[in-house]
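*Asks:* Sharing a structure, written as structure tokens. Questions coming.
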Amino acid sequence: MFKNAIVKTPCKNIANGLSEAKLGIPDFERALEQHKNYIKALESCGLSVLILDPDDNFPDSTFIEDACLVTPKCAVITNPGAASRKKEAQKIAKTIQSLDRPFEFIKEPGTLDAGDVMMVENHYYVGLSQRTNQQGADQLNDILKNYGMTSSVVTLDTMLHLKTGVSYLENNNLLAFGELVSKPEFIKFNIIEVDEDEGYAANSVWINDFVLVPTGFPKTFEKIKAAGYKPIEVDVFEFRKLDGGLSCLSLRY
Ligand code: CIR
């Protein structure tokens with residue numbers, strides 16, 4: 001069960017965030033509105049939400065998930081792979097250091113975006129991507145081992161982050177899309193496959209038996225419902241324009 005979430009308000013400079021989506025430039029006011037609704041959705045799942053102030057120096061900083069991994073036993077402040085995002089992790093360190101658990105750092109030459117890290121109970125799957133390198137994954141593995149947890153890597157070919165294409169919904173259920181549906185690493189899971197035309201919805205978020213699902217993907221919504229969860233639609237289209245999904249917008253712990 002999760003009790004808390006941390007989010008970071010989108011900044012005025014959000015239009016300058018990294019993007020390959022070709023869906024247009026995000027509108028700041030609409031992004032703010034969608035972010036507020038996202039917070040309400042987290043609250044409706046029973047979470048207490050800490051809202052961090054925006055920071056115009058970091059257009060992508062609302063995608064707070066990449067800057068830190070919070071596990072039940074420790075928090076890991078990452079070293080994001082994109083040059084423009086590196087200092088986001090340093091900025092969030094102060095907040096993370098005040099949490100109720102010890103904290104660790106990923107250091108150069110290791111890079112790691114926590115959007116590449118998927119928690120399955122005591123085990124963490126780490127996507128090797130354009131943002132997360134082997135050294136980053138190795139450092140994370142060493143840290144997790146010290147706290148009695150394990151990790152393994154998954155190589156990504158096309159996805160930005162591991163959780164762009166796969167979400168663990170607990171109870172051995174894995175929502176998966178594209179190249180991740182047939183990964184041998186995931187064979188032991190009950191795969192809920194996301195259809196070709198609904199790929200963005202593979203980034204959905206389990207929170208205490210609710211599942212946040214992006215608005216506009218009815219087939220995935222119904223599949224999640226049929227699997228016994230309570231899906232909640234959340235419109236995050238402005239963030240999709242920057243390749244961001246639902247999970248990237250919060251840390252949940
Ligand atoms: C980036 O390219 O870093 C941001 N525009 C989007 C990050 C999305 N984060 C995530 O998937 N975990």
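*Asks:* Of everything in region 221-239, what is touching a helix residue (DSSP H, G or I) at 6+ places or on another chain (Cβ under 6 Å) and either without any contact (Cβ under 8 Å) to a residue 12 or more places away in the chain or over 23 Å from MET1 (Cα atoms) (or both)? Give them in sequence order.
*Replies:* So in region 221-239, the residues touching a helix residue (DSSP H, G or I) at 6+ places or on another chain (Cβ under 6 Å) come out as 231-232, 234-236, 238.
Result: ASP235, VAL236, GLU238.
*Asks:* OK, next. For region 158-199, what are the residues that are in contact with a helix residue (DSSP H, G or I) (Cβ under 6 Å, 6 or more places away or on another chain), assigned to a helix (DSSP H, G or I) and over 14 Å from LYS223 (Cβ atoms)?
*Replies:* LEU162, LYS163, GLY165, GLY178, LEU180, listed by residue number.
*Asks:* On to the next question. Identify the residue in region 126-149 that is within 15 Å of THR111 (Cβ to Cβ) and of a type in the set (D, E, K, R) and, among all such residues, is surrounded by the most Cβ atoms within 10 Å (Cβ to Cβ).
*Replies:* ARG131
*Asks:* Residue pairs, Cβ under 6 Å, 6 or more apart or interchain, first in region 55-74 and touching a residue at least 60 places away in the same chain (Cβ under 8 Å) and in a helix (DSSP H, G or I), second hydrophobic (A, V, I, L, M, F, W, C) and within 9 Å of the ligand (Cβ to nearest atom). List them.
*Replies:* GLU65/ALA114; GLU65/CYS248; ASP66/ALA114
*Asks:* Still on this structure: Anything in region 65-94 that is more than 16 Å from GLY115 (Cα to Cα), polar (S, T, N, Q) and crowded, with 16+ Cβ neighbours inside 10 Å? List them, or say none.
*Replies:* None - no residue of region 65-94 is more than 16 Å from GLY115 (Cα to Cα), polar (S, T, N, Q) and crowded, with 16+ Cβ neighbours inside 10 Å, so the list stays empty.
*Asks:* May I ask you to verify whether LYS36 is of a type outside the set (A, V, I, L, M, F, W, C), out of contact with any helix residue (DSSP H, G or I) (no Cβ under 9 Å at 6 or more places or on another chain) and more than 11 Å from the ligand (Cβ to nearest atom)? Don't jump to the end; show me each part of the working.
*Replies:* Numbers: of a type outside the set (A, V, I, L, M, F, W, C): yes; out of contact with any helix residue (DSSP H, G or I) (no Cβ under 9 Å at 6 or more places or on another chain): yes; more than 11 Å from the ligand (Cβ to nearest atom): yes.
Yes: the conditions hold for LYS36.
*Asks:* May I ask you to say which residue of LYS163, LYS225, LYS219 is touching a Pro at 6+ places or on another chain (Cβ under 6 Å), under 27 Å from GLN34 (Cβ atoms) and among the charged types (D, E, K, R)? Show your work before the answer.
*Replies:* Details: LYS163 fails: touching a Pro at 6+ places or on another chain (Cβ under 6 Å); LYS219 fails: touching a Pro at 6+ places or on another chain (Cβ under 6 Å).
Checking each option against the conditions leaves just LYS225.
*Asks:* In region 14-53, how many residues are over 16 Å from ARG240 (Cα atoms) and among the polar types (S, T, N, Q)?
*Replies:* 2
*Asks:* May I pose another question? Pick from region 91-130 the residues that are in a helix (DSSP H, G or I) and within 16 Å of the ligand (Cβ to nearest atom): which of them is nearest to LEU249 (Cα to Cα)?
*Replies:* GLY115
*Asks:* Out of all the residues in region 155-179, which are under 22 Å from SER19 (Cα atoms), touching a residue at least 24 places away in the same chain (Cβ under 8 Å) and not small (Gly, Ala, Ser)?
*Replies:* Let us first name the residues in region 155-179 that are under 22 Å from SER19 (Cα atoms), namely 155-167, 177-179.
Of the ones still in play, those that are also touching a residue at least 24 places away in the same chain (Cβ under 8 Å) are 155-156, 159-167, 177-178.
Residues satisfying the conditions are THR155, LEU156, MET159, LEU160, HIS161, LEU162, LYS163, THR164, VAL166, PHE177.
*Asks:* Condition first: out of contact with any Asp or Glu (no Cβ under 9 Å at 6 or more places or on another chain), in contact (Cβ under 8 Å) with a residue 60 or more places away in the chain, over 28 Å from GLY136 (Cα atoms) and not aromatic (Phe, Trp, Tyr). Can you find one or more residues in region 80-95 that meet it?
*Replies:* no
*Asks:* Tally the residues that are of a type in the set (Ser, Thr, Tyr) and under 12 Å from ASP113 (Cα atoms), restricting the search to region 129-154.
*Replies:* Of region 129-154, the ones of a type in the set (Ser, Thr, Tyr) are 129, 132, 147, 150-152.
Still in the running and under 12 Å from ASP113 (Cα atoms): 129, 132.
Number satisfying all stated conditions: 2.
*Asks:* Of the residues in region 224-253, how many are touching a Lys or Arg at 6+ places or on another chain (Cβ under 6 Å) and within 11 Å of the ligand (Cβ to nearest atom)?
*Replies:* Filtering region 224-253 for residues touching a Lys or Arg at 6+ places or on another chain (Cβ under 6 Å) gives 231, 238, 247.
So of that shortlist, the ones also within 11 Å of the ligand (Cβ to nearest atom) come out as 247.
Within region 224-253, residues that are touching a Lys or Arg at 6+ places or on another chain (Cβ under 6 Å) and within 11 Å of the ligand (Cβ to nearest atom) number 1.
*Asks:* Select from region 131-157 the residues that are among the β-branched types (Val, Ile, Thr) and assigned to a strand (DSSP E or B) and write down the one among them that is nearest to the ligand (Cβ to nearest atom). Break it down into steps so the answer makes sense when it comes.
*Replies:* Within region 131-157, the subset among the β-branched types (Val, Ile, Thr) is 132, 143, 150, 153-155.
Restricting the remaining residues to those that are assigned to a strand (DSSP E or B) gives 150, 153-155.
Values: THR150: 22, VAL153: 17, VAL154: 15, THR155: 17 Å.
It comes out as VAL154.
A short reminder: the numbers here are calculations on the coordinates, not readings from a lab. The structure displayed is predicted, hence computed values, not measured ones. Quick reminder, even Gly has a Cβ in these numbers, built from the backbone with ideal geometry, and neighbours come from all protein chains shown.
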